Each structure stands twice: as structure tokens, then as C-alpha cells.
Amino acid sequence: MSGAGAGETGGQRFGYIVDRKPYGSGQGGRQGTYIVRDADTGTHHSFMYADIVTEGFRTVRTGERVRFLVDLEDSERACYVIRMDLPDVEDYYR
């Protein structure tokens, strides 16, 4: 399912988080790696917390919808990941 199909790179994509690997991707294994599944193509892309565009904590949860770009230099990586389902602050901290 991978490849440079029409609309797969260079444009805004929508998908959802399917997995999070908490260790092993960063220096000393401290940075987590997330996996997003493109809603249109079914392609999986990985990204790190630093790719999440937000104010405050950079985190997403499995199943959460996101908007992202595919890295033009590496079609298996997502970048500029934006959360679509921001939780209500009061519900989030219960």
C-alpha cells in the first residue's frame, strides 16, 4: 500500500493513530514513536512527538484523529501532525 500515489505526498492528509511505541526511537530510547494510518490510502506513517503541532503537551492517543503532511523526503514519515479531537480540558483531567 506504500508508494507515491496521487495525493499521497505533498498535500494535507487525514488519519488516525493506530499505535504508539513508547521507547527505542530517540537518544537513549526516551522518545516515543507514533504510527498514523492514512484514512484514504490505508498507508501507515510514523512520526515522533516533536512532529506534533500544538500548544502545551505534545501527545496523542491511540484512536485519535489527526491531520498531517507526508514528509516529501521520506514517504513513510508524517510531519506537522495536528490533533483533530482535542479533549475538553475538564474531562481530560478527571
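The values are calculated or read from the model by the stated rules, or taken from the named source; none is laboratory data. This one's a predicted model, so the numbers in the text were calculated from it and none came from an experiment. So basically every Cβ, Gly included, is an ideal-geometry build from the backbone, and we count neighbours across all protein chains shown.
Okay, here's what the table says:
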item: Hits in the range 50-79 (condition: among the aliphatic types (A, V, I, L, M) and buried (at least 18 other Cβ atoms within 10 Å of the Cβ)); result: ILE52, VAL60, VAL66, LEU69, VAL70, ALA78
item: Options THR41, THR9, THR33; residue that is surrounded by 14 or more Cβ atoms within 10 Å (Cβ to Cβ), among the β-branched types (Val, Ile, Thr), under 19 Å from GLU73 (Cβ atoms) and modelled with pLDDT under 80; result: THR9
item: Residues being modelled with pLDDT under 90 and either small (Gly, Ala, Ser) or outside any loop (DSSP other than H, G, I, E, B) (or both) - total across the range 67-93; result: 4
item: Residues of the range 12-30 classified as under 18 Å from ASP71 (Cα atoms), modelled with pLDDT of 75 or more and surrounded by 12 or more Cβ atoms within 10 Å (Cβ to Cβ), total; result: 5
item: Residues located in the range 36-61, provided they are in contact with a Gly (Cβ under 8 Å, 6 or more places away or on another chain) and among the basic types (Lys, Arg); result: ARG37
